[in-house]
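Laboratory data are not the source of any read-out in this text; all were calculated from the coordinates shown. Given the structure is predicted, the values throughout are model-derived calculations rather than measurements. All Cβ positions, even for glycine, are placed from backbone atoms using ideal geometry, and neighbour counts span all protein chains on display.
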Amino acid sequence: MPIRPVNGMEPLPVEGPHHVEALLERLVAAEHDPQLRRGLADHLSFVAAVHPDWFRPYQELAVTELPVLFDVTYGDLTTLLAEAPDQCVEILAGRLRTHWNLQDSWMLAAIGTPAALAAVADDVRAGADRRQYEDSGIWVPPTGPAQRRFVTQQWAVWVEPVEQGVDLTTADHPVGLAVADVVADPGNSPVTWHYLSITLGSVPGLPDWPARQVHLVGPRATWFWTLTSRIDTLGRYTDTVVELDDESDPVTEDSLCEQEEHGGGLAQARLKPSDADLVYCNGHVLLTPGVMGTVGGPPIGLYPNPHCPDCGRLMFHIGTVRNQIREYGDGFRSLFLCEDCHVVTSNATGWN
């Protein structure tokens, strides 16, 4: 069974639509039992990834019985509530007008229909905190409906080591390129480490990009940093700006310098759609052996998501991986871009 409930409970069977019905009945009854709700939510993560069609008959129940999905992540909601009927939109929008709360806003945005995205925009323009939506990857422009700045489908990032000497520049998703391969002027750039490159054209739904790949890179810092670059005609990074929210101490900097000098593990990533081969625990799949993160889906919401410095639009979330994908620093690393202005941002957060 690929479900490993975070509360330690024995996994329940989820082998057909009738099991989803039984699961929801237990969730409703667990309104005042947060530990049980957390464990049951991991079962819904599996349903969201592998059998979202089993949940469709229960979308209105999920909207009217708030405790049912109280502990499900926003990413799971975007699958479970996808294309829910307009009646659900009307219920959620009405509740938000009466008493605004984060869970209802998540559910409304997760539906993703034109009616739902128009209702999100109305909510923000009526005074709701747009940051709450932006943390989930939802942009509300000055006019018109809200926009999702991510694709709802997720791919697990499986890492496969390669032998020294293999030409990683030919791989679709290389881990451990030389800085000179991705930066136009490495001698004068704050970029010191390459984590992962993504070939956008091989991942359905990701934006068009003038270069073959976009790169997740970092500066000499542990975490809580943001690095923004423009690209040259070859897709290499230039005009890079770094913002540090947490200065590294000298000992840490020495350690990072040593890692840079000796290099890290070289590998290539394989992107595989979420399926029953993954381990679902605590709202993520990172306990799956070999999985270091995900491409697609909404941002993780632990840090303010970046806006394009040129046009001001919320940037498009490409993916998020753990620093262990190529051991350097600590925490999560996320990759964003503005497909219109050709600007890329990598950022680093701590653990949640």
To the nearest 20 debye, what is the magnitude of the charge dipole of region 17-148 about its Cα centre, counting +1 on the Cβ of each Lys and Arg and -1 on the Cβ of each Asp and Glu? 300
Name the residues whose placed amide hydrogens come within less than 5 Å of the amide hydrogen of V183, ignoring near sequence neighbours (fewer than 5 apart) on the same chain. Y237
With the dipole of the chain defined by +1 on each Lys or Arg Cβ and -1 on each Asp or Glu Cβ, the option from G265, W351, A146 whose Cα lies farthest towards the positive pole is A146
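Between rounded, prolate and oblate, where does region 19-97 land on the alpha carbon gyration tensor, with a ≥ b ≥ c its root eigenvalues, rounded for a/c under 1.5, else prolate if a/b exceeds b/c?
oblate
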With an 8 Å Cα cut-off and a minimum separation of 6 or more residues, compute the relative contact order for region 154-349 in percent. 27
Roughly what would the spin-label model give for A126 and V28, points 7 Å off Cα along C-beta, in nm? 2.7
When N is the residue count of region 154-349, what does its C-alpha Rg come to as a fraction of 2.2 N^0.38 Å? 0.96
When the charge dipole of the chain is computed with +1 at the Cβ of Lys and Arg and -1 at the Cβ of Asp and Glu, the Cα pointing farthest to the positive end, of Q59, G218, P304, is that of Q59
Which whole-Hz ³J(HN,Hα) couplings does region 306-321 yield from phi under the Karplus relation 6.51 cos²θ - 1.76 cosθ + 1.60, θ = phi - 60°, glycine and proline marked x? x, 9, 5, x, 8, 9, x, 6, 4, 7, 7, 7, 8, x, 9, 10
Would you compute, from DSSP H runs of 4+ residues alone, the mean residue ellipticity of the chain at 222 nm, taking -39500 (n - 2.57) per run and dividing by the full residue count, rounded to the nearest 500? -8500 deg cm²/dmol
With charges only on Cβ, +1 for K and R and -1 for D and E, what is the dipole size of the chain about its Cα centre, in debye, rounded to 20? 580
Largest to smallest principal axis extent of the C-alpha atoms in region 17-148, angstrom: 43, 28, 24
Treating only Lys and Arg (+1) and Asp and Glu (-1) as charged, each at its beta carbon, one finds that region 214-306 has a dipole about its Cα centre, in Debye to the nearest 20, of 640
List the residues, sorted by chain then number, that are 5 or more residues from F316 or on another chain and whose placed amide H is less than 5 Å from its amide H. L337, C338, E339
Residues whose placed amide H lies under 5 Å from that of I3, excluding near-sequence neighbours: Y280
As I understand it, the value is the acute angle between the Cα axis of helix 34-50 and the longest principal axis of the Cα atoms of the chain; what does it come to in degrees, rounded to 10? 70
How many angstrom lie between the C-alpha centres of region 119-163 and region 1-55? 25
Note down the nm distance, to one decimal, between modelled labels 7 Å out along Cα→Cβ at D167 and at W100. 5.5
Degrees, to the nearest 10: 86-98 long Cα axis against longest axis of the chain: 80
Work out, step by step, the length gained on full extension between E65 and D275: first 0.36 nm times the residue separation, then minus their alpha carbon distance; give nm to one decimal. 72.8 nm
Round to the nearest 10 and give me the degree value, 0 to 90, for the angle of helix 250-262's Cα axis relative to the longest principal axis of the chain. 70
Among (i) 155; (ii) 133; (iii) 141, the value of volume of the Cα convex hull per residue in Å³ computed for this structure carries the label (iii)
Considering only DSSP beta bridges with both partners in the chain, what is the antiparallel share in %, to the nearest 5? 95
Simple SL model, points at 7 angstrom along Cα→Cβ for D245 and T143; separation in nm is 3.4
Find, among the GluC sites (Glu not before Pro) in region 80-157, those assigned to loop by DSSP (not H, G, I, E, B) with at most 13 other beta-carbon atoms within 10 angstrom. E83
